[in-house]
Structures are given as C-alpha cells and as structure tokens.
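The values are calculated or read from the model by the stated rules, or taken from the named source; none is laboratory data. Because the structure is a prediction, the values reported are computed rather than measured. Cβ placement follows ideal geometry from the backbone for every residue including glycine, while neighbour counts extend to all protein chains displayed.
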Amino acid sequence: MAVLSKYTGALLFPAILIWLLSSKKLRAVLLRKEPWIGAIIASVCILPVVWWNYQHDWASFKHILFIGSGYNGLLRRISDGFGYNVSQFLTISPFFYAAIASGVLISMLLELRRENVRRSLLLCMGFPVFLFAVMSFKGHSEANWGVMGYLSTGILAVMLFSDSSDPVTIFLSKYINIRRYVMAGAMISIMMVALVVLHGWLGLLPAAVERKLGKDDRIIWETRGWGGLGQHVAALKQDGDVIAGDSYQLCALLEFNIPGQPKVRYLAPWDRPTQFDVWNGSYEDLKNKNILFVSSKPLAPTNQTLTTIFENFAHVQQLPYYSVIYHGEPIREVYVCRGYSFDPFEPRSLGPRSLFYSNP
C-alpha cells in the first residue's frame, strides 16, 4: 500500500532486510518461509504499477529517474546536496532535527551492538533519511522524499530522551535540560508554522522584495494570481483555440482556474516526461490548430541558449500579459500568445519524452 501511494514506499523492503540482517537473533527469520511469502504478496500488490508503466513506455519510472538525475557539474551537485540537507534542518525544525540526528548517531554506535531489536528496527526504518541525505550530493532530491524515515527516527529520539533507566539518557540529562529542550523545540516549530501560514495569508514581505524573489518564495508564487489568470485566459480564448502551457504545474492550474475547466495541453520542447504525456500520447491532433500558449516567459524564437516551440507555428501573436498583484503592486507577469497553424513535426519534431509519438 505504501508503494501504491508513493514510490519511496519501496524503501521499506531494504529497511526491513537491513534490520533482520543486523541482529543475530533475527537472521534466522530469513531462513523461514513467512518473510519471503510476505515479500511475494507485497510484490504482487505492486504489479499493477509495473504493468501500467510497461504499457506506457515506463513513463512514471522515467519521470522519477529524470528528476533524480541531477547535474554533471561538481559545484552544482555540492550545492544541491547542502541545499537539501539544510532544507531538512529547517523543515523538521532545528531542535527536533538535532535530536533526531543525535538519536540516530547514538543508536548506530550503541543499539545495534546491544542487540536491542526494537530500537534497531526504528533505526533501520529511518533508512530513507540517510539515503536521500547522501544521494542529494549525486542527484537532485526533493525535500519531502525522506519524510517517511522521520516517523521512526522521531520515535527513536523520544525513547532516547525519555528512558530514565538508559545510560545514554542519564548521560545526556547531565548536560541538557531535556524538558526545556523539548519545550523550546515545540515553540520554534509552532512559530515556524505560524510564520508560513501568516505569510501565505497576509504576505509579510514588501512587493519590491517579492518581485526580486520570484519563484524562490514558493509560498507566494503558489498562492497568488491563479484565479485571475484563469479569468484572463478565458477572456482571450477564441473559438477553435487550444489552451496549452509549458509546465505540468501551470497546465494543471489553468485547468482548475479557467471557467468551465477546459482541457489544457502540455507543450514543451524538453525531455522531461509528465502525466500530460500519458493522457495525450501524440501531438498529431493539434496539427494546424491555433494554440493559446501560456508561459512564465514570453515565447521567443529558438536561440543558442534556449530551445522553444516558436518555429512550430506559422505565426505568433503576442497577447496582453497578466500581472500578478500583491499588496496592490505587480510582482510578476504571466505571458500569453496565440500561435497559428501549429505543426508538431516541422521544423523540429516535438518528442518523444516519456512516450513514443507517431510521426507521419
């Protein structure tokens, strides 16, 4: 069920295997049939996911591999790695993250040697936290990927700080007032959540700062302007126009916010596969259609640094852009144009990304 919810659920398999192998008491379990029967049942349950991917050119698997591939440059990989781990520190909250990190470290040094199977289980189930912390230096990792590992490591940290009979707890209590530490951690967490909610609701930064931050402030970026954009695009749409965007997030937001919720197509020249490629496996039905194209950047001809779909239209008409208003001032623009007589194959064929598009 975890894998059907999110692919990182597959990490339960190696986590449980590591736990069984880590204990002399439990290694014998691997010689019994029950764990292997359980693994077979779990594998059968996820066969629909594998079969669907097989039928659709491994679309979602390729998507995961693409966003996790990262960059070739060493400096970019280092910055990505530190960025991911700093984001974990801030997201979990500094006090709790420090408690979890110390709990994991102490358990790695002591609990496995002590053969405490309960604590070693919690430690091993935290495997995703360690895995993505390391992988973030090799490829891009999203901040939420390791969350499943914090459930068990959080319990482990609580056990470590609250077991008055444990020598480690006794040792820590000599140097840390555990009650005050927990209270401070809880207060900081509440303040951080309140700050995020207030910023999303009221907007705590001046408009001039928001304009400079742009997409870096994901809170404002993702909560401002979409309803108005939907109305703006609806007013520009003519009979026969097909609405399209150049990111799957933008396409989904347009479908939700445009009155009547029309179908929106994903048009982009790059290789990142998306769910829109699954829903529409070909561009053939768009040939010679007029496209109302929406993007965070103006549609311009292809140049040495940027490939666009500009040349796939017979003619491109720039339309009025939409300004996102924040505290009474425009902080960003969303651009709209109408491309006439779209040709998905000339002068350059669009795709394939995740599916094989047919080319006449």
Region 91-102, residues that are in a helix (DSSP H, G or I), under 15 Å from SER189 (Cβ atoms) and over 17 Å from the mean Cα position of the chain (by Cα): PRO94, PHE95, PHE96, TYR97, ALA98, ALA99, ILE100
Some residue of region 279-286 being assigned to a helix (DSSP H, G or I), within 23 Å of the chain's Cα centre (by Cα) and buried (at least 18 other Cβ atoms within 10 Å of the Cβ): no
Tally of residues being under 23 Å from the mean Cα position of the chain (by Cα), crowded, with 16+ Cβ neighbours inside 10 Å and farther than 13 Å from SER323 by Cα across region 214-249: 8
Some residue of region 30-41 being modelled with pLDDT of 85 or more and small (Gly, Ala, Ser): yes
Residues located in region 112-136, provided they are buried (at least 22 other Cβ atoms within 10 Å of the Cβ) and within 18 Å of SER79 (Cα to Cα): PHE132, SER136
Residue selected from region 1-17 under the condition surrounded by fewer than 17 Cβ atoms within 10 Å (Cβ to Cβ) and over 14 Å from ALA39 (Cα atoms), by the criterion farthest from the chain's Cα centre (by Cα): LEU4
Matching option when the condition is touching a Lys or Arg at 6+ places or on another chain (Cβ under 8 Å) and either in the same structural domain as ASN116 (by TED's automatic domain parsing) or modelled with pLDDT of 85 or more (or both), among LEU47, LEU21: LEU21
Residues (surrounded by 16 or more Cβ atoms within 10 Å (Cβ to Cβ), out of contact with any Phe, Trp or Tyr (no Cβ under 6 Å at 6 or more places or on another chain) and hydrophobic (A, V, I, L, M, F, W, C)) located in region 320-341: VAL324, ILE331, VAL336
Where THR305 falls short, out of the listed (1) within 27 Å of the chain's Cα centre (by Cα); (2) closer than 23 Å to ARG211 by Cα; (3) surrounded by fewer than 18 Cβ atoms within 10 Å (Cβ to Cβ): (2)
Helices (runs of 4 or more DSSP H) within region 120-229 that include 2 or more residues polar (S, T, N, Q) and in the same structural domain as ALA99 (by TED's automatic domain parsing): 148-162, 167-175
Failed item in (1) more than 30 Å from TYR340 (Cα to Cα); (2) out of contact with any His (no Cβ under 9 Å at 6 or more places or on another chain), with PRO269 passing the rest: (1)
Test result for ALA244, among the small types (Gly, Ala, Ser), outside any helix (DSSP H, G or I) and touching a residue at least 40 places away in the same chain (Cβ under 8 Å): yes
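Residues checked against (1) acidic (Asp, Glu); (2) within 30 Å of ARG76 (Cβ to Cβ); (3) without any contact (Cβ under 8 Å) to a residue 24 or more places away in the chain:
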position	(1), (2), (3)
VAL104	no, yes, no
LEU110	no, no, no
LYS138	no, yes, no
ILE170	no, no, yes
SER189	no, no, no
